[in-house]
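The values are calculated or read from the model by the stated rules, or taken from the named source; none is laboratory data. Remember, predicted model here, so these are calculated numbers, not experimental data. Cβ coordinates were reconstructed from backbone atoms using ideal geometry, including for glycine residues, and neighbour counts include every protein chain displayed. The area values use the complete protein model at the heavy-atom level, side chains included, leaving out ligands, DNA and RNA. Shrake-Rupley method; radii C 1.70, N 1.55, O 1.52, S 1.80 Å.
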Amino acid sequence: MKRTAFFISDGTGLTAEALGHSLLTQFEKIHFERITVPYVDDIDKANELVQRINAAADRDDAKPLVFDTIVNSDIRAVISQANGFMVDIFGTFLHPLEKELQASSSYTVGKTHSISNDSSYERRIHAVNFALDNDDGARTRQYHEAELILVGASRSGKTPTCLYLALQYGVKAANYPITEEDLLDQQLPGVLRPHKEKIFGLTIEPERLATIRNERRRNSRYASINQCMHEIEEIELMYRRERIPYLNTTAYSVEEISTRIMVATGLERNR
């Protein structure tokens with residue numbers, strides 16, 4: 001079964017996407033064609049969108065799902081004429097909140113992702129720069145500034161996790177790859193020892209690691225299942241010996257990995 005889902009907004013569309021995607025994942029047997037349309041901020045764009053929604057309805061022989069965070073009432077009135085199943089995200093939650101808080105919403109476009117707190121925004125930008133500068137063990141001399149140091153085998157998810165933690169939560173995260181040389185004496189690399197309390201380990205199923213590495217270096221020793229099994233076994237043994245907390249990333253998205261690390265370490269979310 002196939003249905004079309006539109007995520008529309010007069011801003012970036014990130015809020016409509018996030019909530020809409022979360023809801024649609026609950027319907028595993030239905031295939032959704034997902035279309036995001038940001039910056040629907042005038043009547044002409046609204047009319048064009050109505051045509052797209054109606055065309056999708058005709059093509060699918062079913063109403064498209066339309067998740068929207070449109071603030072402007074005139075634009076919403078135009079879009080509501082489309083042959084779609086409308087999900088007004090802001091309206092659903094704002095009206096009850098207004099009643100409870102006995103206050104009116106500002107109904108400001110783009111407020112969700114605006115730079116409403118300059119210090120928080122600057123912190124996240126600095127954290128992203130820090131993650132880039134300290135990727136893959138590049139600048140270990142800056143580890144005293146890190147709030148978190150991720151370690152693990154090459155291609156186990158360290159870099160995207162550091163970047164997500166920086167951009168989403170403002171966490172200054174570095175990462176260090178555990179290599180074969182590091183595993184020879186089964187001890188934490190010397191450069192990491194002064195920062196042991198900041199270290200969190202990532203691991204991954206060897207089969208998954210081999211698949212990821214083969215995309216980078218096909219048919220190499222680096223990507224072989226035997227090499228991956230050896231590295232993961234030794235790395236996990238080192239984690240246990242050094243009492244380093246760690247997480248198996250195999251079944252998790254970068255968002256889930258990051259959230260689980262935040263919970264496990266007690267790091268503060270700087271939003």
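The number of residues in segment 229-242 that are surrounded by fewer than 15 Cβ atoms within 10 Å (Cβ to Cβ) and either of a type in the set (A, V, I, L, M, F, W, C) or in contact with an Asp or Glu (Cβ under 8 Å, 6 or more places away or on another chain) (or both) comes to 1. Just to be sure, is Val78 open to solvent by less than 50 Å² (accessible area, probe 1.4 Å), outside any helix (DSSP H, G or I) and farther than 25 Å from Ser253 by Cα? Answer is no for this residue. Tyr239 satisfies every condition listed in (1) part of a helix (DSSP H, G or I); (2) modelled with pLDDT under 95 except (2).
Apart from one condition, Leu49 fits all of (1) hydrophobic (A, V, I, L, M, F, W, C); (2) open to solvent by 60 Å² or more (accessible area, probe 1.4 Å); (3) at pLDDT 95 or above; the exception is (2).
When residues in segment 25-54 are screened for being of a type outside the set (Val, Ile, Thr), under 23 Å from the mean Cα position of the chain (by Cα) and within 16 Å of Gly84 (Cα to Cα), 3 of them pass. Filtering segment 230-271 to residues that are over 20 Å from Glu180 (Cα atoms) and among the aromatic types (Phe, Trp, Tyr) leaves only Tyr252.
For segment 1-33, which positions are of a type in the set (A, V, I, L, M, F, W, C), touching a residue at least 24 places away in the same chain (Cβ under 8 Å) and part of a loop (DSSP other than H, G, I, E, B)? Across segment 1-33, the qualifying residues are Met1, Ile30. You will find that of Glu197, Glu256, the residue that is under 22 Å from Gln142 (Cβ atoms), without any contact (Cβ under 8 Å) to a residue 12 or more places away in the chain and of a type in the set (D, E, K, R) is Glu197 and no other. Selection within segment 53-75: residues that are polar (S, T, N, Q) and farther than 14 Å from Ile43 by Cβ. The member of this set that is most open to solvent (accessible area, probe 1.4 Å) is Asn54. Filtered by the rule that a residue be in contact (Cβ under 8 Å) with a residue 60 or more places away in the chain and within 28 Å of the chain's Cα centre (by Cα), segment 223-245 gives Cys228, Glu231, Ile232, Ile235, Ile244.
Taking segment 81-99 as the search range and keeping residues that are over 31 Å from the mean Cα position of the chain (by Cα) and outside any helix (DSSP H, G or I), which one is surrounded by the most Cβ atoms within 10 Å (Cβ to Cβ)? Here the answer is Ala82.
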